[in-house]
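Beneath this line is the structure, given in structure tokens, with notes to follow.
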Amino acid sequence: MSLQYALLGDMSWQNRAEWQIPDTPFMSFAFWQALSDTGAIGEQAGWLPIYVLIYRVEDSSSTAITDSLTASLAPLSSSPLDISEPIAVMPVFVKGHHQGEFVFDHAWAQAYAQYGLDYYPRLVTSAPYTPVTGERLWLARGEKLNAEIVQTAIAGVDDIAQQVGASGWHGLFVTPEFAAIATTLMPVDTDINLGIEAQNPAFDSTFAYTPILERQGCQFLWQNKNLSHNDEPFTDFEGFLATLRAKKRKTIRAERRKVAEQGITCQRKCGDEITEADWKTFYHCYVMTYAIRGQQPYLTMDFFKALANGMAEHLMLAQAVDVNGEIIASSLFLYDKPDSKNATLYGRYWGALGEYDSLHFELCYYQGIEFAIEQGLIYFDPGTQGEHKLIRGFVPTKTHSLHRIYDSRFVPAIGDFCKKDRLHMAQYREQAFEALPFNIDNMPMFDSANV
């Protein structure tokens, strides 16, 4: 038995297997259907999806199934072969921009331009508009991510790259497991195993010596465990505050008090408790976040309504209400079911109708922490960027992205950049770790392998 791939332009493959529950809501079929149905992904949005479908075959000499891409990058048609039981699928987007990615390679595009070369199109595997670490393949039940699956997926990526003339492939916010497998398969500055092609006929030797480069970043993650009480989860917000140094406790209490002194109260609603009026007000707030920067939002009102219809059990809306009973700010969270392995709250979409002292901290962080404690969630991922998260008890955490550059002339320079960037980010994470606000009994241990 060996693995092969097919390239598909739609999600009709969903019905061809029984799939594992994804590790985050952002890889759920409901989330992706909402993106597709509302135009957040697709050719018009500049996120043209192609799905690398991986399946087992008896005859190791059979060839991979591909359909030619048209010059306009039209979606692929379904494969002519009846693949009844695929084992994995990886999404790949053909993109002509960097919007909605949160791992930035603009300098690489500029380098290409200086030499009169096209950096676009480029290929991206990610959860669109979502800087959340997670699985980037859908796996059928009973399957486990391994080197052969990753290798076959990369072969499919290489096939797409050849057809559309892509400069490279970028796998964003991948899991540490995926990063470790991929970079081992296609290492930097080492001889590639020349037996790869014999082991897997899906592998295209055109890019056999193209390494997969790794970048590492830093995000901040709140953890629901009290180190001084045998890592037990917190029972309330005050229990969390007790783990911080006195000065930091005082700062957080002062911020929460400022919100109350402005006559603002906060409330939380989950799932079906969120009304049509709530969604309209939320979207008005969300649009304001972009309007103050002179931008249009990536996501539409119809997208959020689709989330409400398709995955209400994963939604929590925090609202700020003024003295007149009017909602003046909203923050929408997604969350895993509490019994999930690494049940996490994800802070995603926020907006306010005016400027209010400390309200952003209250609605985006403190309401989220309280909710995570109430629900028994293990982690709270508040979103990308910011030392302001660090000083509120969010621990620096390593993120991984992968980059496969097809023009060998650029590989040494970009590879050197990635190496130096990893060292810089490792130093940054260590410095950030030292600035955590916990008292000595609750200071987590620094682990360079994971932080």
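May I ask you to say which residue of ARG429, ARG392 is in the same structural domain as HIS229 (by TED's automatic domain parsing), within 22 Å of PRO131 (Cα to Cα) and among the basic types (Lys, Arg)?
Values: ARG429 fails: in the same structural domain as HIS229 (by TED's automatic domain parsing).
Matching residue, one of ARG429, ARG392: ARG392.
Residues checked against (1) in contact with a strand residue (DSSP E or B) (Cβ under 6 Å, 6 or more places away or on another chain); (2) farther than 23 Å from ILE369 by Cα:
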site: LYS258; (1), (2): no, no
site: GLN262; (1), (2): no, no
site: CYS270; (1), (2): yes, no
site: TYR286; (1), (2): yes, no
site: GLY310; (1), (2): no, yes
site: ALA320; (1), (2): yes, no
site: GLY325; (1), (2): no, yes
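When GLN216 is tested against (1) in contact with a Ser or Thr (Cβ under 7 Å, 6 or more places away or on another chain); (2) assigned to a loop (DSSP other than H, G, I, E, B), exactly one condition is not met: (2).
List the helices (runs of 4 or more DSSP H) that sit entirely inside the stretch 221-336 and contain at least 2 residues that are in contact with a Gly (Cβ under 6 Å, 6 or more places away or on another chain) and outside the structural domain of PRO128 (by TED's automatic domain parsing).
On the way: elements: 237-241, 246-261, 276-291, 301-310.
Once the helices (runs of 4 or more DSSP H) in the stretch 221-336 are filtered for at least 2 residues that are in contact with a Gly (Cβ under 6 Å, 6 or more places away or on another chain) and outside the structural domain of PRO128 (by TED's automatic domain parsing), what remains is 276-291.
Taking the stretch 400-442 as the search range and keeping residues that are aliphatic (A, V, I, L, M) and surrounded by fewer than 17 Cβ atoms within 10 Å (Cβ to Cβ), which one is nearest to THR243 (Cα to Cα)? So, considering only residues that are aliphatic (A, V, I, L, M) and surrounded by fewer than 17 Cβ atoms within 10 Å (Cβ to Cβ), the one nearest to THR243 (Cα to Cα) is ILE440. Across the stretch 11-47, the number of residues qualifying as touching a Pro at 6+ places or on another chain (Cβ under 7 Å) and not in a loop (DSSP other than H, G, I, E, B) comes to 5. Could you check, for the stretch 365-381, whether at least one of its residues is buried (at least 22 other Cβ atoms within 10 Å of the Cβ), under 27 Å from GLU430 (Cβ atoms), among the charged types (D, E, K, R) and touching a Phe, Trp or Tyr at 6+ places or on another chain (Cβ under 9 Å)? Checked the stretch 365-381: at least one residue is buried (at least 22 other Cβ atoms within 10 Å of the Cβ), under 27 Å from GLU430 (Cβ atoms), among the charged types (D, E, K, R) and touching a Phe, Trp or Tyr at 6+ places or on another chain (Cβ under 9 Å).
For the stretch 328-364, a tally of residues being touching a residue at least 60 places away in the same chain (Cβ under 8 Å), surrounded by 17 or more Cβ atoms within 10 Å (Cβ to Cβ) and under 27 Å from ALA277 (Cβ atoms) returns 15. ILE440 fulfils the conditions (1) farther than 30 Å from VAL157 by Cβ; (2) among the β-branched types (Val, Ile, Thr); (3) assigned by TED's automatic domain parsing to the domain that holds PRO233 except for a single criterion, (3).
Determine whether ASP447 is modelled with pLDDT under 95 and part of a helix (DSSP H, G or I). Don't jump to the end; show me each part of the working.
Values: modelled with pLDDT under 95: yes; part of a helix (DSSP H, G or I): no.
Judged against the criteria, ASP447 is not a match.
The values are calculated or read from the model by the stated rules, or taken from the named source; none is laboratory data. Since the structure is predicted, the reported quantities are computational estimates derived from the model, not experimental observations. So basically every Cβ, Gly included, is an ideal-geometry build from the backbone, and we count neighbours across all protein chains shown.
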